[in-house]
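Heads up, the thing below is written out as structure tokens.
The values are calculated or read from the model by the stated rules, or taken from the named source; none is laboratory data. As the structure is a prediction and not an experimental result, all values here were calculated from the model. Methodologically, a virtual Cβ is constructed for each residue, glycine included, from the backbone with ideal geometry; neighbour enumeration extends over all protein chains shown. For accessibility, only protein heavy atoms count, side chains too; no ligands or nucleic acids. Shrake-Rupley method; radii C 1.70, N 1.55, O 1.52, S 1.80 Å.
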Amino acid sequence: MEHLLSAPPGVLVDPSGEPRCAVLVLSGSSGRLEADRARRLAAHGAAAAAITYFGGPGQPPGLCEVALEAFTPVLDLLAARSEHLVVWGASKGAEAALLLAAADERIRTVIAVAPTAYVWANTGPGADRNERPWRSSWTRAGQPLPFLALVNGWEPSAAERGADGVHGVDGVAVRGWYEASLAAAGGEQVRAASIPVEQIHGQVVLAAGGDDRVWPSTRFADDITQRRASHDLTTMVLTEQNAGHRVVLPGEAAAGGVVGCCGAAAQRLTRASARVCGMPRARCCGSAHRDPRGDLRGHLRWYLRDRARPRASALSALSALEPAACRGTPTIGRLPG
């Protein structure tokens with residue numbers, strides 16, 4: 001059964017029986033509503049909600065100074081359906097998921113796909129319709145969270161520009177922009193903008209691709225793991241060297257209309273990610289296709305535009321997760337990449 005949500009706007013999908021867990025699904029800065037993913041999770045026993053958190057009525061038009069309290073109503077709805085509350089976020093949605101889990105002890109599992117260890121600047125206009133000056137992506141109690149700004153004047157390299165000098169066949173990456181911005185930030189800035197992942201007491205699952213051209217998600221995953229390890233907390237880290245930024249699960253349609261399937265590495269990841277929420281193994285036909293738009297919009301002029309070619313999904317080794325993850329406290333630990 002589906003319920004339309006208004007604050008924040010989205011859809012809540014209940015399974016036919018008692019929920020195995022309750023999942024909040026967050027997209028990245030594309031702003032897409034992951035309704036099909038919520039339906040897929042509900043079909044396998046999870047109560048699942050997909051929402052938009054910017055661009056809607058009463059929301060900032062871009063991912064700029066989004067109030068973290070705006071997620072509370074839907075978290076309340078989900079928590080009432082199952083005590084095993086999960087937040088599954090990708091890219092900027094992973095940034096939000098980690099911040100929410102650090103502040104809300106009800107969240108038992110956070111799945112951060114293409115994660116970041118830091119709060120970054122806005123990726124679109126704020127309530128004033130301006131994109132500059134740089135501002136935090138998030139606020140709490142009305143105050144912007146400390147963030148890392150993107151350096152001005154960055155230009156992609158010739159390799160990043162592609163053959164046409166603008167986008168090329170595979171598109172232009174902005175990973176170098178984030179790497180340059182992190183390198184330019186002072187130590188105190190980096191410390192202030194670090195997401196307090198040591199405050200997350202539930203299960204933390206990170207999935208990152210070595211071929212992520214939007215930002216260095218594998219490095220960020222390592223930063224998160226090290227910070228948690230310094231507080232004697234374990235983290236499940238799943239990487240695929242050939243994986244990119246945007247994940248398309250088996251049977252899901254990419255933005256260009258391509259139906260996602262998965263190769264060997266992708267199959268492991270998508271199976272395992274689904275099993276976090278109690279979903280059975282999915283069958284797929286042998287290749288992985290990613291959303292050619294990537295997951296950044298707004299102020300970024302360059303987009304991740306990959307060809308629809310066989311490539312590992314960014315969600316692979318999650319197959320090591322126990323199916324009981326939605327029914328109790330799972331055992332977690334670091335997996336080899």
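For segment 219-270, the set of residues classified as open to solvent by 50 Å² or more (accessible area, probe 1.4 Å), within 24 Å of residue 39 (Cβ to Cβ) and at pLDDT 70 or above is empty. For first residues located in segment 47-63 and on the phi > 0 side of the Ramachandran plot, partners that are surrounded by 24 or more Cβ atoms within 10 Å (Cβ to Cβ) and of a type outside the set (Ser, Thr, Tyr) and lie 6+ apart or on another chain with Cβ distances below 8 Å form the pairs 55/62.
In summary, helices (runs of 4 or more DSSP H) completely within segment 137-198 and bearing 1 or more residues that are among the aliphatic types (A, V, I, L, M) and modelled with pLDDT of 95 or more occur at 175-184, 187-193. Summed over segment 69-107, the residues that are farther than 19 Å from residue 34 by Cα, assigned to a helix (DSSP H, G or I) and open to solvent by less than 60 Å² (accessible area, probe 1.4 Å) give a count of 4. Remark: pairs (first residue in segment 89-108, modelled with pLDDT of 95 or more; second residue of a type in the set (Ser, Thr, Tyr) and not in a helix (DSSP H, G or I); Cβ separation under 6 Å; 6+ apart in sequence or on different chains) = 92/29; 93/27; 95/116.
Looking only at segment 30-58, count every residue that is of a type in the set (S, T, N, Q) and modelled with pLDDT of 95 or more and tell me the total. Qualifying residue count, segment 30-58: 1.
Considering only segment 178-218, state which residues are under 11 Å from residue 116 (Cα atoms) and open to solvent by 10 Å² or more (accessible area, probe 1.4 Å). 194, 218 - these are the residues of segment 178-218 that are under 11 Å from residue 116 (Cα atoms) and open to solvent by 10 Å² or more (accessible area, probe 1.4 Å).
In segment 33-48, the qualifying residues are those that are in contact with a strand residue (DSSP E or B) (Cβ under 6 Å, 6 or more places away or on another chain) and charged (D, E, K, R), and the one that is surrounded by the fewest Cβ atoms within 10 Å (Cβ to Cβ) is 39.
Is it fair to say residue 124 is open to solvent by 30 Å² or more (accessible area, probe 1.4 Å) and at positive phi? Answer is no for this residue.
Take residue 7 and decide whether it is within 22 Å of the chain's Cα centre (by Cα), among the hydrophobic types (A, V, I, L, M, F, W, C) and open to solvent by less than 70 Å² (accessible area, probe 1.4 Å).
Numbers: within 22 Å of the chain's Cα centre (by Cα): yes; among the hydrophobic types (A, V, I, L, M, F, W, C): yes; open to solvent by less than 70 Å² (accessible area, probe 1.4 Å): no.
Here the answer is no, as residue 7 does not meet what is asked.
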